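Please read the structure below before turning to the comments.
The values are calculated or read from the model by the stated rules, or taken from the named source; none is laboratory data. What you are looking at is a predicted structure, and each value in this text was computed from that prediction instead of being measured. Cβ coordinates were reconstructed from backbone atoms using ideal geometry, including for glycine residues, and neighbour counts include every protein chain displayed. Side chains are part of the model used for accessible areas, which takes the heavy atoms of the whole protein and leaves out ligands, DNA and RNA. Shrake-Rupley method; radii C 1.70, N 1.55, O 1.52, S 1.80 Å.
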Amino acid sequence: MRGIVIKSTGSSYLVHTDDGKTQECIIKGNFRIKGIKSTNPVAVGDYVKIAHASEDTPAYIVDIEERRNYIIRRSSNLSKLSHILACNLDMCLLVVTINHPETSTVFIDRFLASARAYRIPVTLLFNKVDLYNETELERMNELITLYRSIGYECLICNALQGDGIEEINNLLKDNVTLISGNSGVGKSTLINRLLPNLNLRTSQISEKHNTGMHTTTFSEMFPLPYGGWIIDSPGIKGFGLYDMNPEEISHYFTEIFEYSDGCKYGNCTHTNEPHCAVKKAVEDGKISISRYASYLSMLEDDEEGKYRSN
């Protein structure tokens with residue numbers, strides 16, 4: 001029997017089978033995907049084959065179809081392993097906030113680079129717009145201008161009140177979309193607006209630390225009434241890159257890759273080399289300082305061996 005994994009708790013899975021039923025499944029302890037050392041060898045969005053040992057027990061996942069793409073990051077607990085957020089995606093919706101809590105540009109850029117590595121389009125959704133003061137609104141508009149200038153679609157919403165939801169519905173229609181972001185940015189509130197019957201649990205922001213608390217503890221996939229699926233996943237504090245060679249990183253920054261054609265050396269890392277067109281573009285304001293800083297932080301991660309597999 002074939003189906004798609006719609007929920008993962010880490011120890012068991014729900015599979016929506018081709019005949020329209022939902023089946024609880026488990027995997028054997030030694031189940032691994034060839035070439036990927038992952039804390040979750042089966043992820044939401046995987047197409048799998050299942051088999052029954054008996055009618056009174058959960059089915060076994062016996063095979064996984066080849067993934068066309070996935071969003072992957074370094075496991076938060078085990079640096080030599082990865083964690084797959086979701087598979088077989090049409091797009092990602094990255095929810096960001098200027099405050100309450102603040103989403104850093106480093107986090108945004110790491111997520112965008114990882115998605116670009118697997119050719120997954122990302123739309124940035126700026127949420128909680130009703131809470132921002134004049135300075136924060138100005139900052140939001142600066143970021144929207146920046147990311148639109150390098151090819152990313154940006155939307156604005158107030159998920160709590162429902163402002164901007166119609167435009168989001170139009171974007172999600174007939175697509176499989178991962179909704180991701182830091183804890184506390186309003187993902188669960190947004191999904192409750194999109195699918196009111198779910199009543200997902202939400203929580204308040206910590207006033208002391210201005211950070212969110214996890215309300216989603218496992219990934220789950222939900223069908224949309226107008227076609228398509230959305231995937232809700234636990235909030236992410238950081239985004240450690242996994243198995244990305246240092247010479248590849250600049251390829252996932254559109255503007256850095258474009259200017260690198262003008263560098264004197266073909267293997268320029270855009271750090272200390274002379275006649276570097278990328279550093280010149282940063283100095284001239286043609287490449288954002290924040291984007292360049294994110295690129296350098298990713299190089300430093302690799303040099304320290306934090307986010308690479310053996």
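If r is the Cβ-Cβ distance from S297 to D56 and R0 is 35 Å, what FRET efficiency results, to the nearest 0.05? Intermediate results must be reported in sequence, preceding the final value.
Details: r = 52 Å, r/R0 = 1.49.
After rounding, the FRET efficiency stands at 0.10.
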Give the residue from L296, G162, L137 lying farthest towards the positive end of the charge dipole for the chain; charges sit on Cβ (+1 for Lys and Arg, -1 for Asp and Glu) and the dipole is referred to the Cα centre.
L296
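Set the Förster distance to 30 Å, then compute FRET efficiency between N133 and I289 from the Cβ-Cβ distance, nearest 0.05.
Working: r = 23 Å, r/R0 = 0.78.
FRET efficiency, N133 to I289: 0.80.
Which net charge results when you count Lys and Arg as +1 and Asp and Glu as -1 among the other residues whose beta-carbon is under 10 Å from that of M1? List each step's numbers first, then the result.
Values: positive: R2, K21, K49; negative: D18, D19.
The answer is +1.
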With Kirkwood radius over Cα pairs in Å as the read-out, I listed (i) 20.7; (ii) 23.5; (iii) 19.5; which label goes with the value calculated from this structure?
(i)
Quickly estimate the mean residue ellipticity at 222 nm for the chain, helices only: each DSSP H run with n ≥ 4 gives -39500 (n - 2.57), and the total goes over all residues, rounded to 500.
-7000 deg cm²/dmol
Using a 7 Å offset from the Cα along the Cα-to-Cβ direction at both Q161 and S149, what is the distance between the two label points in nm, to one decimal?
3.0 nm
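Past 27 Å, Cα to Cα: identify those pairs from K7/K173; K128/K286; K7/K49; K21/K173; K28/K173, in the order given. Provide the component values of the computation, followed by the final result.
Details: K7/K173 21 Å; K128/K286 30 Å; K7/K49 15 Å; K21/K173 23 Å; K28/K173 36 Å.
Table pairs above 27 Å Cα-Cα are K128/K286; K28/K173.
Quantify, in whole percent, the carbon and sulfur part of the accessible surface of the chain (1.4 Å probe; protein heavy atoms only).
Working: 7230 of 15460 Å².
Of all accessible area on the chain, carbon and sulfur atoms account for 47 percent.
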Simple spin-label estimate for N267 and T39 in nanometres, 7 Å along Cα-Cβ
3.5 nm
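At a 10 angstrom cut-off on C-beta neighbours, averaged per residue, how do the peptides 56-68, 283-295 rank from highest to lowest? If you can, show how the numbers build up before the last one.
Details: 56-68: 14.6, 283-295: 16.4.
Per-residue Cβ counts within 10 Å, averaged per peptide and sorted highest first, yield 283-295, 56-68.
Give me the accessible area per residue for the chain, probe 1.4 Å, as a whole number in Å². Intermediate values should be presented prior to the final figure.
Details: 15460 Å² over 310 residues.
Ligands and nucleic acids excluded, the result is 50 Å² per residue.
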What value does the range 84-141 have for Rg/Rh, both radii from Cα atoms and Rh as Kirkwood defines it?
1.04
Yeah, the range 88-198 with a ≥ b ≥ c from its alpha-carbon gyration tensor (a/c under 1.5 is rounded, else prolate when a/b outruns b/c, oblate otherwise) is oblate
